[in-house]
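Working notes for the structure below.
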Amino acid sequence: MLVLQELVPKSDFLQVAHEQRELVDGWFVTDSSRGIPAPSGTVVGSVLKSKYPDKTVLPVCILHYKSRVEVGALALAAAAVGVDGMVVDGPRFVLDPTSGELKPLWGDAPRYGEFVAMFRSPEEGREFLRETLGIKNLKIGGLISARFSSEECVAKAEDRWDFLVFMRLAEDSMYKLEEVSRACRKAGKPLYTYLMVATPKNRGLIGKIGWPSLSMERVEDFCEGLTGMVNGLIPTCVGDREGERELLRRLQKFRE
């Protein structure tokens with residue numbers, strides 16, 4: 001399996017990538033996580049791919065912070081430098097019958113300004129890049145969340161995504177990952193899974209985020225069960241840089 005470090009870009013992202021480069025096969029780069037302005041995921045991903053061409057780099061592009069022109073410009077730049085794929089995500093918008101406005105069903109609100117409803121769904125964003133702009137030399141990936149039913153997860157895996165990333169994995173959602181994995185193998189699509197790992201330092205932060213997590217001691221046994229099911233792991237000890245380095249060391253035996 002590939003091990004892709006989750007990189008939450010800050011001004012020192014090049015230093016962080018340099019420090020971890022021997023422990024990872026690449027990076028999964030977030031995009032203004034929780035709506036807080038940060039170096040653009042796609043820009044950072046493009047820089048990393050140019051600096052480390054042998055690494056796998058998958059930046060995220062969050063649609064509801066951007067206009068159509070900006071989304072298209074970022075995708076074209078990523079394609080031009082050979083980024084391995086771009087994850088396109090954002091909330092699904094529905095029409096509020098009372099106000100007549102489009103309202104998001106989920107998603108982190110931007111710290112500044114309002115939701116940008118240029119795309120009613122991630123699928124609409126994908127089709128804009130594929131059909132309207134005609135981008136063919138960039139793989140476009142989607143996120144699958146364990147919050148949704150097995151049927152919804154499998155349906156997304158069978159849709160026109162080039163690769164998938166499974167989020168919020170826990171023991172009780174492993175069966176959903178198995179079903180998604182079967183669908184991805186049948187379609188020949190790479191599948192990655194996100195793993196959030198709790199440490200004494202970041203436990204409070206993870207509690208605020210509200211995502212399921214593993215203990216450091218459980219990680220290796222848990223990942224044994226993922227062998228043959230996913231193409232790659234996206235592990236993170238969010239908020240604990242020292243813990244993340246230990247986590248990456250523990251996962252070395254799973255790298256291809």
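List of remarks:
- The ranking of 64, 18 by Cβ neighbour count inside 10 Å, starting from the fewest, reads 18, 64.
- Nearby aspartates and glutamates by direct alpha-carbon distance to residue 186 (threshold 20 angstrom, same-chain neighbours under 8 apart not counted): 151, 152, 158, 159, 162, 178
- Global geometry of segment 139-256, whether rounded, prolate or oblate, following the gyration tensor of its Cα atoms and the 1.5 cut on a/c: prolate
- Highest-first arrangement of 116-126, 38-48, 100-110, where packing means the average Cβ count within 10 Å: 38-48, 116-126, 100-110
- Across segment 70-80, coupling constants 3J(HN,Hα) worked out from phi with the 6.51/-1.76/1.60 Karplus curve, θ = phi - 60°, read 5, 4, x, 4, 5, 5, 5, 5, 4, 5, 5 Hz, and Gly and Pro carry x.
- Look at 27, 211, 161 and count the other Cβ atoms within 10 Å of each Cβ; fewest to most, that gives 211, 161, 27.
- Placed amide H near residue 202: partners under 5 Å, 5+ positions off or other chain: none
- Beta bridges per DSSP with both ends in the chain, % antiparallel, nearest 5: 10 percent
- Centroid-to-centroid, using Cα positions, segment 69-86 and segment 188-256 are 27 Å apart.
- Overall form of the chain per C-alpha gyration tensor (a/c, 1.5; a/b vs b/c): rounded
- Secondary-structure-derived ellipticity at 222 nm for the chain, considering helices only, amounts to -9500 deg cm²/dmol, per-run term -39500 (n - 2.57) for DSSP H runs with n ≥ 4.
- Against the chain, whose longest principal axis is taken from its Cα atoms, helix 41-51 shows a tilt of about 50°.
- Segment residue 221-residue 249, extension gain: residue separation times 0.36 nm, minus the distance between their alpha carbons: 8.6 nm
Computed from the coordinates by the stated procedures, all read-outs in this text should not be read as laboratory data. Just so we're clear, the structure is a prediction, and the values are computed from it rather than from any experiment. With ideal geometry, Cβ positions are generated from the backbone for all residues, glycine too; neighbour counts draw on all protein chains shown.
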